[in-house]
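K.L.:
Here you go, one structure.
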Amino acid sequence: MAKVIRDAADTLIALRNDPVLFVRTCLQAEPQKWQLEALQNIANNNRLSVRSGHAVGKTTFLSWTILWFLTTHAPCKIACTANSASQLEQILWSEIQKWHKMMPIGFQNEFEFRTDKISLKSSPDSFCVARTSRRENPEALQGFHSPNMLFIIDEASGVPDIIFEVAQ
C-alpha cells in the first residue's frame, strides 16, 4: 500500500512540474508548437501573455492550464475572467468540460462542475471561479488568497485595464 501511495505522489509531482506531460498523459492531447512553449513557460514563470488570432487553440490552452493547475496545485484558487459572461460560460467552461471528459476516471471523479465554479471534491479549498470583467465592478477579482493562485484573463483585449490592476 505504501508503494502505491508513493507512486501516486511521485506521479502528481511529475505532473505538477510538467504541464506538457499532464496534457499528453492525462488529456491524451498533443499540443501545437505555440501551446507547447506556453505550457513550458507557465510551469516556470508567474506571468504569461498569449497574443494570436481566432481559432488557434487559446481556449483549449486555457482549459488545459486550468485542469492542470487544479489537479496538481492543491490547495489552489483560480479566478477566471473575460469580457463577457457568454465567453466564460459558453466558450471557456464548455471547453474545460470537454477536456475534463478526456481525463482518467479517477481524476474526473474529483471534479464538481457548477455554472460558475469548478471544485475539487477532496480539496474543498481548491476551486476555479468565473467572474465577468466590468469597469464598474473591478472588485470581482479581489479577495482571493491561497498558497497557489492563478488568474486567467480570457479575451484580454476587451477587459478594462482596472481589472488587470486588481488581479495584480
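K.L.:
Can you tell me which residues in region 12-35 are part of a helix (DSSP H, G or I) and without any contact (Cβ under 8 Å) to a residue 40 or more places away in the chain?
P.N.:
To start, the set of residues in region 12-35 that are part of a helix (DSSP H, G or I) comprises 12-17, 19-26, 33-35.
Scanning region 12-35 gives ILE13, ALA14, ASN17, VAL20, LEU21, ARG24, THR25, LYS33, TRP34, GLN35.
K.L.:
Which residue pairs have Cβ atoms closer than 9 Å, lie 6 or more positions apart in sequence or on different chains, and pair a first residue in region 112-128 that is more than 10 Å from TRP93 (Cβ to Cβ) with a second residue that is open to solvent by 10 Å² or more (accessible area, probe 1.4 Å) and of a type in the set (Lys, Arg)?
P.N.:
GLU112/LYS121; ASP125/LYS77; SER126/LYS77; PHE127/LYS77; PHE127/LYS117
K.L.:
Please verify whether SER94 is without any contact (Cβ under 8 Å) to a residue 12 or more places away in the chain and hydroxyl-bearing (Ser, Thr, Tyr), treating the condition exactly as stated. Walk me through it before giving the result.
P.N.:
On the way: without any contact (Cβ under 8 Å) to a residue 12 or more places away in the chain: yes; hydroxyl-bearing (Ser, Thr, Tyr): yes.
Yes, satisfied.
Rundown of residues vs (1) modelled with pLDDT under 95; (2) surrounded by fewer than 19 Cβ atoms within 10 Å (Cβ to Cβ), yes/no style:
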position: MET102; (1), (2): no, yes
position: GLY106; (1), (2): yes, yes
position: ARG114; (1), (2): yes, yes
position: SER123; (1), (2): yes, yes
position: VAL129; (1), (2): yes, yes
position: ARG135; (1), (2): yes, yes
position: PRO138; (1), (2): yes, yes
position: LEU141; (1), (2): yes, no
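K.L.:
Would you check which residues across region 1-24 are modelled with pLDDT of 80 or more, under 20 Å from GLN108 (Cβ atoms) and open to solvent by 60 Å² or more (accessible area, probe 1.4 Å) and list them?
P.N.:
THR11, LEU12, ARG16, LEU21, ARG24 - these are the residues of region 1-24 that are modelled with pLDDT of 80 or more, under 20 Å from GLN108 (Cβ atoms) and open to solvent by 60 Å² or more (accessible area, probe 1.4 Å).
K.L.:
In this structure, does PHE61 turn out to be touching a Ser or Thr at 6+ places or on another chain (Cβ under 8 Å), assigned to a helix (DSSP H, G or I), at pLDDT below 95 and of a type outside the set (Asp, Glu)?
P.N.:
Taking the combined requirement at face value, the residue does not satisfy it.
The values are calculated or read from the model by the stated rules, or taken from the named source; none is laboratory data. The shown structure was predicted, so the numbers you read here are calculated from the model rather than taken from an experiment. Cβ coordinates were reconstructed from backbone atoms using ideal geometry, including for glycine residues, and neighbour counts include every protein chain displayed. Side chains included, ligands, DNA and RNA excluded: accessible areas come from the protein's heavy atoms. Shrake-Rupley method; radii C 1.70, N 1.55, O 1.52, S 1.80 Å.
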